[in-house]
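A.B. asks: First, the structure itself, so that you have it in front of you.
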Amino acid sequence: MAPPFHALHGRIRAGEVTEAVLAGGRGSTKSSFASLEVLLRLLRQPDCHAVVLRKVKSTLRTSVYAQMRWAVDALGAQAYFACGVSPMRIVYKPTGQTVYFFGLDDPGKLKSLKVPFGHVGVLWLEELDQYAGPEEIRNVEQSVLRGGEGQLVLMSMNPPASPRHWANRYCREEKPGRAVHRSTYLTTPRAWLGERFFEEAEHLRAHNELAYRHEYLGEVVGSGAAVFENVREEELTDAQVKGFDRVLRGIDWGYYPDPFAYNECHYDAARRTLYLFGEITARKLGNAQTAELVRARNREERITADSAEPKSIDDFRSAKLPCVAAKKGPGSVEHGMKWLQSLTAIVIDPKRCPDTLREFLEYEYERGRDGEIEGGYPDMGNHHIDAVRYALESVITRRVARVSSR
């Protein structure tokens, strides 16, 4: 087991982690770790069986089955396990505990699985990004994990390039018992991979750094259509937030399906860095209710809101909130978006602003039928982005005015 996985192994063994998402590039040993955890769970729980999945059945033998055989050898336990391919199973001889292998292109067999005793206590989904989405994952868990305690779900993948991909969104969601672990070949003992592996990695880094970052470092590098390439995900301390001397606030009105979006931010002009640390996202709430949510965070400071709903602005003023209409005007969207793109960094706290982070990461230019990127900024999935633009209107217009006067 590679050193970067030791702490996660300890948390799993202590029962702190019940779902581990293993994200990493080539040579990160995430699959090796998963296979070891599967066998260790069987050895520690004598009434537990395991299910290992790939999206396509035909890939099982040369991938997860071979990986599980490796784990048996790595533990020096060849004499204790019977490994067969017809049917494809690995059986722990002393107890009859079994590792079952399935492809989801034949879901009927998975649903009809009946273990001879005990329960399925560990589930490993390899190449998570190849599955259809969260609903398919839930269906798998509901079919397999029935009864028993101390169940463990392992998911492994090379993260897709696009931030919009459901698997990348899945990794950003908070869930009790879930741990997202990221690893690279750089933390794997060199002797395990061999010199040729490192030579190939260095060759790709020298000739195509973006592909290197995606394939070997497991980075979500984008699809080439990202509007904001300056987003930085960073948890801010309470002391940092309290130290911001000028907090700017903005609102984009919404009800359903478009949400009401409120944001708080601070702009460091000297470093041309924007910090986003406060958000409210609400659906199916009226102005009186959203006003109360905002009042709980801010009673006195000015809020700049979308001018398209003057009644909503009046409702907020009636609720004693200093809400003013954004001036907007011709070209304001383009000016505001280009200004945000020009910043050195847009720092977003993932815990304080998860919806805002998702929007900024996933916001992309549209592509035409020929695959070429089209101009303009899509008016979708940008509610918090708009709220941030309104909050910064006075800063942006001053900047544009200075540039225009030169």
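The values are calculated or read from the model by the stated rules, or taken from the named source; none is laboratory data. All figures in this text were calculated on a predicted structure; none of them were measured in a lab. Cβ: placed from backbone, ideal geometry, glycine included. Neighbour counts: every protein chain shown.
A.B. asks: Across region 272-296, what is the number of residues that are over 17 Å from Ile385 (Cβ atoms), surrounded by 14 or more Cβ atoms within 10 Å (Cβ to Cβ) and touching an Asp or Glu at 6+ places or on another chain (Cβ under 8 Å)?
C.D. replies: Qualifying residue count for the region: 2.
A.B. asks: Is one or more of the residues making up region 154-167 in a loop (DSSP other than H, G, I, E, B) and more than 29 Å from Tyr363 (Cβ to Cβ)?
C.D. replies: Looking for residues that are in a loop (DSSP other than H, G, I, E, B) and more than 29 Å from Tyr363 (Cβ to Cβ), one finds none in region 154-167, hence no.
A.B. asks: Out of Thr290, Thr281, Thr304, I need the residue that is assigned by TED's automatic domain parsing to the domain that holds Ile373 and within 23 Å of the chain's Cα centre (by Cα). Which one?
C.D. replies: Values: Thr290 fails: within 23 Å of the chain's Cα centre (by Cα); Thr304 fails: within 23 Å of the chain's Cα centre (by Cα).
Going through Thr290, Thr281, Thr304 in turn, the sole match is Thr281.
A.B. asks: A follow-up question, please. Got a number for residues in region 325-367 being in a strand (DSSP E or B) and without any contact (Cβ under 8 Å) to a residue 60 or more places away in the chain? Explain how you work it out, then say what you get.
C.D. replies: Taking region 325-367 as the starting set, the residues that turn out to be in a strand (DSSP E or B) are 325, 345-348, 364, 367.
Subsequent filtering for residues that are without any contact (Cβ under 8 Å) to a residue 60 or more places away in the chain retains 325.
Residues that pass the stated criteria total 1.
A.B. asks: Now, a different point. Name every residue in region 201-226 that is over 17 Å from the mean Cα position of the chain (by Cα), surrounded by fewer than 19 Cβ atoms within 10 Å (Cβ to Cβ) and in a loop (DSSP other than H, G, I, E, B), in order of residue number.
C.D. replies: Asn208, Gly224, Ala225
A.B. asks: Any residue at all in region 46-59 that's among the hydrophobic types (A, V, I, L, M, F, W, C) and touching a His at 6+ places or on another chain (Cβ under 9 Å)? Working first, answer last.
C.D. replies: Here is the first cut: in region 46-59, the residues among the hydrophobic types (A, V, I, L, M, F, W, C) are 48, 50-53, 56.
Adding the requirement that they be touching a His at 6+ places or on another chain (Cβ under 9 Å) leaves 48.
Yes, there is a match, as at least one residue in region 46-59 is among the hydrophobic types (A, V, I, L, M, F, W, C) and touching a His at 6+ places or on another chain (Cβ under 9 Å).
A.B. asks: Also, quick follow-up: I'd like the full set of residues that are within 18 Å of Thr397 (Cα to Cα) and in contact with an Asp or Glu (Cβ under 9 Å, 6 or more places away or on another chain), limited to region 251-271.
C.D. replies: First, the residues of region 251-271 that are within 18 Å of Thr397 (Cα to Cα): 251, 265-270.
Those that are within 18 Å of Thr397 (Cα to Cα) and in contact with an Asp or Glu (Cβ under 9 Å, 6 or more places away or on another chain): Ile251, His266.
A.B. asks: Suppose we filter Val99, Val91 for residues that are at pLDDT 95 or above and either touching a helix residue (DSSP H, G or I) at 6+ places or on another chain (Cβ under 8 Å) or within 23 Å of Ala20 (Cα to Cα) (or both); which single one remains? Show your work before the answer.
C.D. replies: Values: Val91 fails: either touching a helix residue (DSSP H, G or I) at 6+ places or on another chain (Cβ under 8 Å) or within 23 Å of Ala20 (Cα to Cα) (or both).
Only one candidate passes the filter, namely Val99.
A.B. asks: Show the residue pairs that are 6+ apart or on different chains and have beta-carbon atoms under 8 Å apart, the first residue being within region 49-60 and in the same structural domain as Leu36 (by TED's automatic domain parsing), the second being surrounded by fewer than 23 Cβ atoms within 10 Å (Cβ to Cβ) and of a type in the set (Asp, Glu).
C.D. replies: Here the result reads Arg54/Glu127; Lys55/Asp105; Lys55/Glu127; Val56/Asp105; Lys57/Asp105; Lys57/Asp106, each pair linking region 49-60 to a residue that is surrounded by fewer than 23 Cβ atoms within 10 Å (Cβ to Cβ) and of a type in the set (Asp, Glu).
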